[in-house]
């Protein structure tokens, strides 16, 4: 796959940084509790986790909500929060057995499976009205000569095979009747920050999937006068977010019981965000991420409303579409997406979300109706 010296250097730098972060997290941690004999199709432990149960969790948005609401005190296990987000970092942490729960989009669980880390998805979050609230848009470099998606042939496009950004690229090409052979894919992992924006500004790539919201807004503010653009990708969904764990973690009865408790509070936190968008904007994006109050509100509004689906069928279909398109490009073996989902957790999240929505004083019926709309293809 075509790449550049810049891309190779960035990839090496990211790998070193990720490895160092994992070493810091793994260093002081005691040895894992011996894995028990819980089968992956056995009922989840019904009672609270035993004393001493511990989970290492990389889920910063939920962490902030739980701390803010005081719900963190309701966790019936010891939690160690890890500053790890995004597919590449979670995969590295799983490989080092330094993380129990990761949060990411649809591609990382697929990629983890391909690189020999068996995982299971235990929670699913989507967006209401997802086509009007995408996770990503396509940044177009100044002076690239691209005016519409019909101009992609022969261009250099940032590509990350282990992340949803890579899927966005391939499905965009597919919608335009193009294949990877019709463009130059520049392999760059998007690990947060402005890596893709800098690659666009520096002419390393002509197109890159960038986060909708403040990143796209700032890209246009900074480079729009030079001819930069942000184009919507074709009408497909990119809004799936999941919690996923190593299968080894699920086989430990103590950790499985702790996971059950965490998923319920994770779903409550998502519903709290849906009912308190302005408060969440200030709590997380302003105070934690350093955005201005205006930008914090903007990123929440462009993200739309979170949705915890009661039925995972749509999520499985989205995961299957991601696996299929990436397998063809990277020559990986096919994956049956259903096998990645642990349906034992499906009702837990939905029940907790419904209870929180009702506790907030909202009518339950509108939430469930909205949930159904969120399942549209």
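The values are calculated or read from the model by the stated rules, or taken from the named source; none is laboratory data. Quantities reported herein were computed from a predicted structural model and do not represent experimental measurements. We place every Cβ from the backbone using ideal geometry, glycine too, and count neighbours over all the protein chains shown.
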Original post:
With (1) assigned to a loop (DSSP other than H, G, I, E, B); (2) touching a helix residue (DSSP H, G or I) at 6+ places or on another chain (Cβ under 8 Å) as the list, and residue 116 as the residue in question, which single condition is left unmet?
Top reply: (2)
Original post:
Got a sec? Which of 195, 185, 200 is within 18 Å of the chain's Cα centre (by Cα) and farther than 23 Å from residue 131 by Cα?
Top reply: 195
**OP:** Go through 305, 279, 360, 356 for me and flag whichever is in the same structural domain as residue 40 (by TED's automatic domain parsing) and under 18 Å from the mean Cα position of the chain (by Cα).
**Re:** 305
**OP:** Select from the range 73-91 the residues that are in a helix (DSSP H, G or I), in contact (Cβ under 8 Å) with a residue 24 or more places away in the chain and surrounded by fewer than 20 Cβ atoms within 10 Å (Cβ to Cβ) and list them in ascending order.
**Re:** 74
Original post:
When only residues in the range 177-206 that are surrounded by 17 or more Cβ atoms within 10 Å (Cβ to Cβ) and out of contact with any strand residue (DSSP E or B) (no Cβ under 9 Å at 6 or more places or on another chain) count, which is modelled with the lowest pLDDT?
Top reply: 191
Subject >> Which listed residue, of 286, 257, is free of Cβ contacts under 8 Å to residues at least 60 places away in the same chain and either assigned by TED's automatic domain parsing to the domain that holds residue 213 or buried (at least 17 other Cβ atoms within 10 Å of the Cβ) (or both) >> reply: 286
Subject >> Candidates 49, 43, filtered to the one that is in contact (Cβ under 8 Å) with a residue 40 or more places away in the chain, more than 23 Å from the chain's Cα centre (by Cα), buried (at least 16 other Cβ atoms within 10 Å of the Cβ) and part of a loop (DSSP other than H, G, I, E, B) >> reply: 49
**OP:** Would you mind stating whether residue 99 is surrounded by 19 or more Cβ atoms within 10 Å (Cβ to Cβ), within 17 Å of residue 209 (Cα to Cα) and either modelled with pLDDT of 95 or more or not assigned by TED's automatic domain parsing to the domain that holds residue 182 (or both)?
**Re:** no
Original post:
Among the residues of the range 221-232, is any crowded, with 22+ Cβ neighbours inside 10 Å and in contact with a helix residue (DSSP H, G or I) (Cβ under 9 Å, 6 or more places away or on another chain)?
Top reply: no
**OP:** Count, please, the residues in the range 336-356 that happen to be at pLDDT below 95, under 23 Å from residue 237 (Cα atoms) and in contact with a helix residue (DSSP H, G or I) (Cβ under 8 Å, 6 or more places away or on another chain).
**Re:** 3
**OP:** Keeping to the range 237-254, report how many residues are in a loop (DSSP other than H, G, I, E, B) and buried (at least 19 other Cβ atoms within 10 Å of the Cβ).
**Re:** 5
